[in-house]
Amino acid sequence: AQKVTQAQTEISVVEKEDVTLDCVYETRDTTYYLFWYKQPPSGELVFLIRRNSFDEQNEISGRYSWNFQKSTSSFNFTITASQVVDSAVYFCALSADSGNTPLVFGKGTRLSVIA
Amino acid sequence: DAGVIQSPRHEVTEMGQEVTLRCKPISGHNSLFWYRQTMMRGLELLIYFNNNVPIDDSGMPEDRFSAKMPNASFSTLKIQPSEPRDSAVYFCASNLRDSFEAFFGQGTRLTVV
């Protein structure tokens with residue numbers, strides 16, 4: 001069975017602080033994919049990143065960076081110099097195979113960035 | 001591309017009534033997923049289709065829930081009869097095999113009173 005755990009339910013930071021959102025996953029598959037989605041107050045789900053289990057390279061996209069560590073089954077997400085617009089619920093998710101298998105989501109972390 | 005289109009965006013209905021949620025996936029996508037989001041359970045898969053065929057409906061909570069995909073461009077999720085505990089946001093998502101990114105609709109917020 002697959003499982004995603006986001007232990008941080010809510011985080012509050014002051015603007016310009018760095019913040020890391022934790023994600024730990026469980027799977028028996030050797031091939032799997034990890035995702036992060038953002039859900040702003042407007043409610044839609046916005047895709048941020050996908051990683052496959054064979055690619056442990058960290059990735060940076062602007063102020064966002066992701067740290068994938070297979071040894072600890074973690075896929076953490078860091079926002080550098082946070083901004084108020086980063087306030088949202090962030091979901092980590094896992095899928096077994098390629099794109100046509102469903103996502104298993106964590107419960108999400110609500111990030112509030114205070115000006 | 002217009003993206004995944006869900007209708008209605010909001011639905012308020014009385015307990016016992018039938019509710020039908022609709023989804024139009026992105027043209028050319030061959031997988032379609034229905035998810036439900038609640039405070040208690042988070043985002044959970046209800047059912048998904050590959051090439052219009054239901055693959056896994058184990059997430060459908062009860063027989064009151066049914067889903068169909070009569071063609072590649074349309075899917076429905078029906079609740080009959082509806083109950084207050086069905087109140088949630090229902091998301092539809094689609095993707096193309098091996099594209100890895102599921103594109104989500106805006107969701108339908110269902111309130112059963």
Every residue from region A:2-44 that is outside any strand (DSSP E or B), at pLDDT 95 or above and facing chain B (nearest Cβ under 10 Å): A:GLN6
Subset of region B:64-80 [free of Cβ contacts under 8 Å to residues at least 24 places away in the same chain, open to solvent by 20 Å² or more (accessible area, probe 1.4 Å) and in a strand (DSSP E or B)]: B:SER66, B:LYS68, B:PRO70, B:ASN71
For region B:10-54, how many residues are under 13 Å from B:PHE104 (Cα atoms) and part of a loop (DSSP other than H, G, I, E, B)? 3
Quick check on A:ASN58: is it in contact with a Ser or Thr (Cβ under 7 Å, 6 or more places away or on another chain) and open to solvent by 50 Å² or more (accessible area, probe 1.4 Å)? yes
Filtered residues of region B:81-113 (kept if within 14 Å of chain A (Cβ to nearest Cβ), among the aliphatic types (A, V, I, L, M) and either part of a strand (DSSP E or B) or open to solvent by less than 50 Å² (accessible area, probe 1.4 Å) (or both)): B:ALA88, B:VAL89, B:ALA93, B:ALA102, B:LEU110
Looking at region A:78-114, which of its residues are at pLDDT 95 or above and assigned to a loop (DSSP other than H, G, I, E, B)? A:THR80, A:ALA81, A:SER82, A:GLN83, A:SER87, A:GLY106, A:LYS107, A:GLY108
Let me confirm something: among A:THR109, A:THR101, which residue is polar (S, T, N, Q), open to solvent by 10 Å² or more (accessible area, probe 1.4 Å) and within 14 Å of chain B (Cβ to nearest Cβ)? A:THR101
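The values are calculated or read from the model by the stated rules, or taken from the named source; none is laboratory data. These numbers were taken from a predicted model, which means no experiment stands behind them. For neighbour counting, all protein chains shown are included, and Cβ atoms are generated from backbone atoms with ideal geometry for every residue, glycine included. The protein model used for the area step is the full one, side chains on, heavy atoms only, and it has no ligands, DNA or RNA in it. Shrake-Rupley method; radii C 1.70, N 1.55, O 1.52, S 1.80 Å.
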